[in-house]
């Protein structure tokens with residue numbers, strides 16, 4: 001998935017990608033689809049190096065009880081390094097009084113240093129002045145207004 005980050009020192013030791021383990025649910029001359037616990041991967045056939053039958057206990061450990069062998073055959077799939085794929089998730093939709101939305105993707109910031117760098121680049125883009133001697137000081141104000149003319153606000157000062 002595109003939100004995966006590589007931490008320093010975790011680069012692959014070879015050109016080979018570890019095999020994908022799941023249930024083979026569809027294949028054609030053009031595509032191959034493999035269901036895993038989080039959703040379904042669909043690869044172009046040209047990106048698939050080989051498909052091997054998998055021992056049932058290991059392959060099924062990554063798939064929910066709702067998607068057992070009647071939905072596909074347990075396999076290990078070797079994918080070409082640099083392959084592109086589609087990933088589909090199954091989501092439950094409930095009827096509510098607001099628009100249907102998905103959660104935002106996780107931030108790329110992992111750790112204080114990355115967060116500091118992202119904050120600095122954000123402040124630079126917005127042309128916010130960096131005040132000398134005021135590091136760690138923050139000011140936040142939030143205001144809400146309703147159609148019934150209610151006007152509420154909250155103020156927060158912080159010296160970290």
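Please treat every number below as a calculation from the coordinates, not as lab data. Here the structure is a predicted model, which is why all the values come from computation and not from measurement. Please note: Cβ atoms are built from the backbone with ideal geometry, for glycine as well, and neighbour counts cover all protein chains shown.
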Cβ-based exposure ranking for 40, 140, in which fewest neighbours within 10 Å come first:
140, 40
Taking the Cβ of each residue in 154, 25, 79, 93 as the centre, tally the other Cβ atoms inside 10 Å and list the residues starting with the fewest.
93, 154, 25, 79
